[in-house]
Structures are given as structure tokens and as C-alpha cells.
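These notes concern the structure reproduced below.
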Amino acid sequence: MKLALAWAFGMALLGWLLSNTPIAPVIEAIHRPSITIWLLTLCGLLLSYGLRGARLQVVLGLDTHHAPPQRWLGLRTDALRVILLHNAAVNLLPMRAGELSFPWLAARELRLPMSRALVCLMWMRLQDVAVLAGLGLALWPGLTLVARIAGLLGLVLCWHGAWWLLKRLLNLASPGDQAATAGWHNLALKLKAAMLEPSHHRPAAWGLTLANWMLKLAAGATLLSAISQISWPVAWGGALGGELAAIFPIQGPAGFGTYEAGVWAGVAALLERESPLLAHVVGAALALHVCFLICAVCAACVAALLPRSFGKTKIQGDLPPRHPG
């Protein structure tokens, strides 16, 4: 009943927004790309969903937890179910409220402790921010080679500095300290320990995160370029701007407004101020956003039909305070 009410609320929000959105520019934008462009975009999104499911398997070490109910091309259907339902919730609900669905879904579908699922979500979001920032520095049009190298080195140093600080905080937390074993101190200690879980740092997790974002950004840039007639590198900057805008916690229902503003800002940063092409960017961004939403909802409907696992499982429990190396 709770799941049905949550989805009814999200679908009602989406329907209300679409009913109050000027539809003529969107219809015109939808008709502009060829069927090949649409198929490339949809295939890119579907493949990115598969990469996210594979990433969840690696980050959580699900194959050491319990056997999957079924596999599709090597992907666990229970991991796909969680990822697709969570993705739709994030896309539909305002203020990033859909993120709260992940711990509940992971506990319900994967039988993981809430604390473990929450830390996994935090870790994956940190990975997302790091990878998006790295992609921006490495591929943003117009940056000099020196600026790219300096930016990437700075990003790596910041990441490893934060990693070192986290390990230091964990080592300073003595198990015999009463303050560290009571209330939120105990929770903080568990979160630190889980953030240092070796499965989070597997090279495969980073590779899958990078592949997911490159594929999604490429799919978005391809559609934006076809609709607005801007060059592909500029459209790529717009797609990156939309994804970076989606990170901020202040979001409207279904992300409308903030995503389009991010796309426009990314494109505007790469075009001349008075460029006539900017007039087509908002309509193209809206069409791309609607495409992403429809794909997310359709994928969630498919996920609801995937088999669930009810067999015996090895209880994973909260993670011990350990770290790689």
C-alpha cells in the first residue's frame, strides 16, 4: 500500500506538470530528430541502466550475500529491480525525495541493513560527483591542456586527502570509548567503517560508474544536438550541465526547471552570448527531460515484474570497521 501511494503521488505530480507545460515546442522538438537518433538515445539510456545494476552488484558485493533469483546477461534481476525503481522515484519526486527509496528498496529486495544501504547510497553519490567533475575537466570544450591536467590533479588530491582524513578519524575512534559506542556516535562509527568497505573501492565499481555517465551524457548530447542544431561538443556540455544541476537538493517535482536551467547554462557557457541557437535550447532540454522521465517510468514498470528472491540468505549485517590495505 505504501509503495502504491508513493507511485500514485509521483505519477500525479508528473501528470499535473505535463498538463501545465507548453506542449507545442516539445512536440516540434520531438519531431525534429530522425528515428535513428531516437533509437540511439533510447539504447544509450537502457544500457546505462544495465551498467548501474552491475555497479550495484559490485559495490554491495551481492554475489557473496545471496544467490540472485535470476540473471539477465549476467545482471542480477534483484539489483536491476532496485536500481530501476529507485531511478524512477528520483526522477519523479521533488526535492530529491526519491533518494529515500533506496535504503527501503535495498532492505526489502536485497535484505540488507538500512545502515549498509544508506552508506552504499552515500558512496555511490560521491562517486557520481567525482566522476562527473572528472569528465567535465577532461572533456569540457575550450580548456587548455594545462588547465585540464591541473584540474584533474587537484581533483585526485582532494579525493585522496578526504580518504586519508576518513581513515584517520576511523583509527582515532577507540572501541572502548563510551562516547563512541552510544547514540549517534555509534552510528557515525558504523558509517565510517562502511565507507571504508573494500568492495566500494573495487576498480570495477569506478569503471562501471565512468561508463554509465559517459554513455548517458553521450545519449543526451546526441538528442540535444539533433533537436537544437548545436554542435555535439556543445550539446555534451549542456547534457553535463543538466546532470550537475540535478545533484543539488533543491529540486522541483520531477526535476522540471532545474534540469532545463542546467542544460541551458552548460550550452550558454560554450556559445556566444547573442547566439540564435540559444533560443532552441530550452525546448530541446524539455524534450530530453521528458524522454528521460518516460524511459525511467517504463523501466520501473518492467522492474516491478522482475522476480524477487525469497530463498535462504547469508545474513550480511552491519559491516565491521575495516578498510582496504
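The values are calculated or read from the model by the stated rules, or taken from the named source; none is laboratory data. Note that this is a predicted model, so its numbers are computed, not measured. FYI the Cβ positions are ideal-geometry reconstructions off the backbone, even for glycines, and counts take in every protein chain you see.
Within region 58-81, the set of residues being buried (at least 24 other Cβ atoms within 10 Å of the Cβ) and either farther than 22 Å from P113 by Cβ or free of Cβ contacts under 8 Å to residues at least 60 places away in the same chain (or both) comprises R76, A79.
Are any residues in region 169-199 at pLDDT 80 or above and either out of contact with any Lys or Arg (no Cβ under 9 Å at 6 or more places or on another chain) or among the acidic types (D, E) (or both), and if so, which ones? Selection gives E197, S199.
With respect to (1) aliphatic (A, V, I, L, M); (2) surrounded by fewer than 17 Cβ atoms within 10 Å (Cβ to Cβ); (3) part of a loop (DSSP other than H, G, I, E, B), the lone exception for I37 is condition (3).
Applying the condition of being in contact with a helix residue (DSSP H, G or I) (Cβ under 7 Å, 6 or more places away or on another chain) and either modelled with pLDDT of 95 or more or among the aliphatic types (A, V, I, L, M) (or both) to region 154-168 and asking which residue is nearest to L135 (Cα to Cα) yields L155. Could you list, in sequence order, all residues of region 15-34 that are modelled with pLDDT under 65 and surrounded by 17 or more Cβ atoms within 10 Å (Cβ to Cβ)? Answer for region 15-34, where residues must be modelled with pLDDT under 65 and surrounded by 17 or more Cβ atoms within 10 Å (Cβ to Cβ): just L17.
It is to be established whether one or more residues within region 137-149 are loosely packed, with under 13 Cβ neighbours inside 10 Å, in contact with a helix residue (DSSP H, G or I) (Cβ under 7 Å, 6 or more places away or on another chain) and either touching a residue at least 60 places away in the same chain (Cβ under 8 Å) or not aliphatic (A, V, I, L, M) (or both). Yes, there is a match, as at least one residue in region 137-149 is loosely packed, with under 13 Cβ neighbours inside 10 Å, in contact with a helix residue (DSSP H, G or I) (Cβ under 7 Å, 6 or more places away or on another chain) and either touching a residue at least 60 places away in the same chain (Cβ under 8 Å) or not aliphatic (A, V, I, L, M) (or both). Would a scan of region 70-85 turn up a residue that is of a type in the set (V, I, T) and farther than 20 Å from L293 by Cα? Yes, because at least one residue in region 70-85 is of a type in the set (V, I, T) and farther than 20 Å from L293 by Cα.
The residues listed here are A284, A296; of these, the one that is touching a Ser or Thr at 6+ places or on another chain (Cβ under 6 Å), in a helix (DSSP H, G or I) and touching a residue at least 60 places away in the same chain (Cβ under 8 Å) is A284.
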